[in-house]
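Participant: Below you will find the structure I want to go over with you.
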Amino acid sequence: NSTFTGWSGVGCPTGATSPATVLMSGDKTCTATFTLKQYQLTLLTAGTGTGTVTGAGPYNADTSATITASAAANSTFTGWSGVGCPTGTTSPATVLMSGDKTCTATFTLKQYVLTIVTAGTGSGTTTGAGTYAADSVVALTATPAANSTFTGWSGLGCETGSVTMTGDKTCTATFTLKQYVLTVLTAGTGTGTVTGAGSYTADTSATITATAAANSTFTGWS
């Protein structure tokens, strides 16, 4: 892991020639200089997530280089790879520089769960619930049942019907039963009073009454 970089000394060879010759015209001291080799450490990133790495650069042979991997907010560091590189998810970690090396830090986007619940007097179906990678944008859909209307989304970040998955989220779809108007009329040659007209929630039972006047009889509904 060293290189011979040259001779020095009075009357000694110059340069890095070896073997070399010395003319012995007297006592002489010649010095051979050896220098540790320099190796390059390259750091790369991979995976669906993001993060930063430090420690790349040139190092003297047989020294230990310290490398670090720091995941971004919505990512996790899932490990090192590369010949002669650390294994596992230890950070900081060390690399013995016995040659040029390339180490890769893999970052993976976090996974978050989207839950959809329903509320209100009505009913319906929804889509969009599931597990998603961090920062995914999920479109929500709500389909009301026949006698219901969809009246809106609620929940942190859910209000527009589109959710950015920066964490686990729960969105609520509210369905409301439709309102129907019951009108009660009178007809015929007689007279009387009726009750029960008004606005009613869908699928409820409305009670109506018909009361004949003194000189009349109630003869039926139509």
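Participant: Sorting check: for 88-96, 12-20, which peptide has the highest mean count of neighbouring beta carbons within 10 Å, and how do the rest follow? Can you show the working numbers first?
Facilitator: Values: 88-96: 15.4, 12-20: 11.8.
Highest mean packing first, the order is 88-96, 12-20.
Participant: Of the candidates ASP135, ASP203, ASP62, which one comes out as most mobile in a Gaussian network treatment of the chain with C-alpha springs shorter than 10 Å?
Facilitator: ASP203
Participant: Under a 1.4 Å probe, what is the accessible area of the chain per residue, stated in Å²? Walk me through the intermediate numbers first.
Facilitator: Values: 13190 Å² over 222 residues.
I get 59 Å² per residue for this part.
Participant: I would also like to ask the following. When the chain is treated as a GNM, springs tying every alpha-carbon pair under 10 Å, which of THR160, THR104, THR186 comes out with the largest mean-square fluctuation?
Facilitator: THR186
Participant: Then there is this: Can you compute 3J(HN,Hα) from phi for each residue in the stretch 203-211, using the Karplus curve 6.51 cos²θ - 1.76 cosθ + 1.60 with θ = phi - 60°, rounded to whole Hz and x for Gly and Pro?
Facilitator: 6, 9, 9, 9, 9, 10, 10, 10, 10
Participant: Among rounded, prolate and oblate, which fits the chain when a ≥ b ≥ c are the square roots of the eigenvalues of its C-alpha gyration tensor, a/c under 1.5 means rounded, and a/b larger than b/c means prolate? Walk me through the numbers before you get to the answer.
Facilitator: Working: a/c = 9.96, a/b = 9.33, b/c = 1.07.
Note, shape of the chain comes out prolate.
Participant: Under 5 Å between amide hydrogens, which residues at least 5 positions from GLY124 or on another chain qualify, with H placed 1.01 Å from N in the peptide plane?
Facilitator: Under 5 Å from the amide H of GLY124 lie the amide H atoms of ALA145, each far enough along the sequence or on another chain.
Participant: Right, here's the next one. Report ³J(HN,Hα) in whole Hz for each residue of the stretch 42-48, in order, from the Karplus equation J = 6.51 cos²θ - 1.76 cosθ + 1.60 where θ = phi - 60°; Gly and Pro get x.
Facilitator: Residue by residue, the stretch 42-48 yields 10, 10, 10, 10, 8, x, 7 Hz.
Participant: If you find the alpha carbon centre of the stretch 16-85 and of the stretch 108-163, how far apart are they in angstrom?
Facilitator: So the separation of the two Cα centres works out to 52 Å.
Participant: Residue by residue, what Karplus-based ³J(HN,Hα) values in Hz, rounded to whole numbers, does the stretch 142-150 have, using 6.51, -1.76 and 1.60 with θ = phi - 60° and x for Gly and Pro?
Facilitator: Computed from phi, the couplings for the stretch 142-150 are 9, 10, x, 6, 3, 9, 10, 10, 8 Hz.
The values are calculated or read from the model by the stated rules, or taken from the named source; none is laboratory data. Just so it is clear, the model here is predicted, and its values are computed rather than measured. So basically every Cβ, Gly included, is an ideal-geometry build from the backbone, and we count neighbours across all protein chains shown. Calculation scope for accessible area: heavy atoms of the full protein, side chains included, ligands and nucleic acids excluded. Shrake-Rupley method; radii C 1.70, N 1.55, O 1.52, S 1.80 Å.
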